[in-house]
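Novice: My structure is below; once you've seen it, I'll send some questions.
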Amino acid sequence: MTQIRLVGLVAWLVAQDLARAVSPGDAPQLPVTGARIVEVITEAQLQSAMGNLRHGDTLLLADGAYNLTGSLYVNGRHNVTIRGTRGSTNVVLAGKGMDNPNHGGVPVGIWSNSTNTTIAHLTIRDTWDNEIIFNSGAQSPRVYCVRLLDAGSQFIKSNPTDVTAGVGVNNGVVEYCVFEYTASPPADHGSGVGYFNGISAHAARNWVIRGNLFRNLHNPDTAAYLWNPAVLFWRNSSNTVTEQNIFINVDRAVAYGLDNSTPYRDHAGGVIRNNFVYLAPGLMSAGRRAGSDGLLIAWNSPGTQIDHNSLLLNGNALYAIEFRFPTTTNGAARNNLADAPIRLRDNAVAILSTNLQTATAGMFVNPAAGDLHLRPSATNAIDRAATLGNVTNDFDGHRRPRGGGHDIGADEFTTNAPPRVTQLQLSASNCLVTFTTLLGLSYDVQRAGEITGNAWSLVAADLPGTGGIVQAVDTNGTAEPRRFYRVTLSP
């Protein structure tokens, strides 16, 4: 009975924390897999491992700083992973300095032209050029829980094989990463002052950009580039998904397409949904604001859907969202919450519906931190959105709706108290988990042999709340010496 009471206590405590289970730079640990695991402790060992790289290698870097003596090239070696163990701050790959032209053979951090390159659980910083670059031949890259700081050009660059034919690096995934300038953006490296993007991809198809933080990607008025997108997919790209990201003090947040002088669509299709965008008051000068367009743009990008985003721009830009050029057709901007208008420019065509364009700082929990979750007082946004079949969850991954209707913006507001485990008891070989619920919500019950790590497995999923007590049965619950339980809202 002592053990059962302990398990109940742990289940109750875990159930209280229903904030995002992951955050940029702090995501669940990926399992360590690979045809060969190469453990690395020093920078010299890292360079040696790169020089002897095989298909399927996983380079597992011990915690510490690695001052690079050469860029890391994944050249014609497929299914390679370069990673730390967990988090994103314990392993640091450092270049010679963002504005140091004497880069000493370290112009970039990691370079790949290979299939299934994975980069995870580390920091890359202070490179003269790109911190990660995928070149012709690369496919299906993954960048997971990585901090990218102070890049001299694009933080992540994806180059094409043939732009006109639309051949480039496809099926990339960038999740739970941080992109940030810790002080100022780069000086002139040959292309003008302030030439950078968070992600720049040419002829790229089917990428997913999810759960990342883009912070301080902002140029001063004296720079050559005043409107760098943090996320830029163009030059015959298509079907990009950008969702559940936070953009703080960026010149532009997301651009699908920029140019209409090409023989192809600059971008086609794709969605931009459930993102937070915040600009601090006074970030842009009055003159710069007068020449602004939108923070989320679809230019020469037919079929793009921009839905359920929250933007608080504080007078820094004239428009929150903009569709531009006659080739931009069949677009949509729906259920967005912003403090600036949505614009159709140069004969672009898009459906605009149920957008609330009178947002104020008081509607959000902590705007200056990029937290645009709704306050209870945001009644003109709560339960006021139309139902969209392509947006079934919110910024946190919580299911929509959570109340009487869907909410406008990226956050689906709820005042719902977390579930509370009220009783754990044994019944023969089963364990009975009893917990509180609210009507209209669904719950998952999970178990683990230890509370550390990520080895939680489902006992029951999508149990409907009744407004009262619900009981789940874990069959054969006495099979292990001890077992921990937690109850969460279903995603």
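Novice: Are there strands (runs of 3 or more DSSP E) fully within the range 121-160 with at least 3 residues that are out of contact with any helix residue (DSSP H, G or I) (no Cβ under 6 Å at 6 or more places or on another chain) and of a type outside the set (V, I, T)? List them.
Specialist: Working: elements: 132-134, 142-151, 156-158.
Fully inside the range 121-160 and qualifying: 142-151.
Novice: May I ask you to list pairs of residues, at least six apart or on different chains, whose Cβ atoms are under 7 Å apart, with the first in the range 428-441 being under 13 Å from S490 (Cα atoms) and the second being among the β-branched types (V, I, T) and surrounded by 19 or more Cβ atoms within 10 Å (Cβ to Cβ)?
Specialist: Qualifying pairs under 7 Å: T437/V470.
Novice: Which of the residues that make up the range 163-172 are of a type outside the set (S, T, N, Q) and either under 12 Å from F134 (Cα atoms) or touching a Gly at 6+ places or on another chain (Cβ under 8 Å) (or both)? Lay out the reasoning, then the answer.
Specialist: Keep residues of the range 163-172 that are of a type outside the set (S, T, N, Q), which gives 163, 165-169, 172.
Correct list: G168, V169, G172.
Quick grid of which residues meet (1) out of contact with any Ser or Thr (no Cβ under 7 Å at 6 or more places or on another chain); (2) under 30 Å from R86 (Cα atoms); (3) not in a strand (DSSP E or B):
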{"site": "L424", "(1), (2), (3)": "yes, no, no"}
{"site": "T434", "(1), (2), (3)": "no, no, no"}
{"site": "G440", "(1), (2), (3)": "yes, no, yes"}
{"site": "D444", "(1), (2), (3)": "no, yes, no"}
{"site": "V459", "(1), (2), (3)": "yes, yes, no"}
{"site": "L463", "(1), (2), (3)": "no, no, no"}
{"site": "G467", "(1), (2), (3)": "no, no, yes"}
{"site": "V473", "(1), (2), (3)": "yes, no, no"}
{"site": "T478", "(1), (2), (3)": "no, no, yes"}
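Novice: Take the residues in the range 185-219 that are touching a Leu at 6+ places or on another chain (Cβ under 8 Å) and not in a loop (DSSP other than H, G, I, E, B), then tell me which one is surrounded by the fewest Cβ atoms within 10 Å (Cβ to Cβ).
Specialist: S200
Novice: Sticking with this one: Out of everything in the range 62-90 that is outside any loop (DSSP other than H, G, I, E, B) and within 24 Å of the chain's Cα centre (by Cα), what residue ends up being nearest to V108 (Cα to Cα)?
Specialist: Looking at the filtered set, the residue picked out is I82.
Novice: Also, quick follow-up: Within the range 126-141, which residues are over 15 Å from G70 (Cα atoms) and surrounded by fewer than 24 Cβ atoms within 10 Å (Cβ to Cβ)? Full working, then the answer.
Specialist: We begin by selecting, within the range 126-141, every residue over 15 Å from G70 (Cα atoms); these are 134-141.
Hits for the range 126-141 are N135, S136, G137, Q139, S140.
Novice: From the set of residues in the range 385-402 that are free of Cβ contacts under 8 Å to residues at least 40 places away in the same chain and out of contact with any Ser or Thr (no Cβ under 7 Å at 6 or more places or on another chain), which is surrounded by the fewest Cβ atoms within 10 Å (Cβ to Cβ)? Don't jump to the end; show me each part of the working.
Specialist: Pass one, the range 385-402, residues free of Cβ contacts under 8 Å to residues at least 40 places away in the same chain: 387, 389, 392, 400-402.
Cutting the leftovers down to out of contact with any Ser or Thr (no Cβ under 7 Å at 6 or more places or on another chain) gives us 387, 389, 392, 401.
Values: T387: 12, G389: 5, T392: 11, P401: 19.
Among them, the one singled out is G389.
Novice: Output the residues belonging to the range 220-243 that are in contact (Cβ under 8 Å) with a residue 40 or more places away in the chain and part of a loop (DSSP other than H, G, I, E, B).
Specialist: D221, L226, W227, R235, N236 - these are the residues of the range 220-243 that are in contact (Cβ under 8 Å) with a residue 40 or more places away in the chain and part of a loop (DSSP other than H, G, I, E, B).
Novice: How many residues are surrounded by fewer than 22 Cβ atoms within 10 Å (Cβ to Cβ) and in contact (Cβ under 8 Å) with a residue 60 or more places away in the chain when one looks only at the range 417-427? Working first, answer last.
Specialist: To start, the set of residues in the range 417-427 that are surrounded by fewer than 22 Cβ atoms within 10 Å (Cβ to Cβ) comprises 417-418, 420, 422-423, 425-427.
Now drop any that are not in contact (Cβ under 8 Å) with a residue 60 or more places away in the chain, which leaves 418, 420, 423, 425-426.
Looking only at that region, the number is 5.
Novice: Quick one: is A19 more than 20 Å from S140 (Cα to Cα), buried (at least 20 other Cβ atoms within 10 Å of the Cβ) and at pLDDT below 95?
Specialist: no
Novice: Run down R77, R125 and say which single residue is touching a His at 6+ places or on another chain (Cβ under 7 Å) and without any contact (Cβ under 8 Å) to a residue 60 or more places away in the chain. Spell out how you get there, then give the answer.
Specialist: Values: R125 fails: touching a His at 6+ places or on another chain (Cβ under 7 Å).
After applying the criteria, what remains is R77.
Novice: Continuing with this model, one more query. It is to be established whether one or more residues within the range 311-321 are part of a loop (DSSP other than H, G, I, E, B), under 24 Å from A381 (Cα atoms) and over 25 Å from the mean Cα position of the chain (by Cα). Break it down stepwise before answering.
Specialist: From the range 311-321, those part of a loop (DSSP other than H, G, I, E, B) are 313-318; that's our starting set.
Cutting the leftovers down to under 24 Å from A381 (Cα atoms) gives us 313-318.
Cutting the leftovers down to over 25 Å from the mean Cα position of the chain (by Cα) gives us 315, 318.
For the range 311-321, residues part of a loop (DSSP other than H, G, I, E, B), under 24 Å from A381 (Cα atoms) and over 25 Å from the mean Cα position of the chain (by Cα): present.
Novice: Given the conditions (1) over 30 Å from F247 (Cα atoms); (2) among the polar types (S, T, N, Q); (3) assigned to a loop (DSSP other than H, G, I, E, B), which single one is not true for N380?
Specialist: All conditions pass for N380, except number (1).
The values are calculated or read from the model by the stated rules, or taken from the named source; none is laboratory data. Source: prediction; values computed, not measured. Cβ coordinates were reconstructed from backbone atoms using ideal geometry, including for glycine residues, and neighbour counts include every protein chain displayed.
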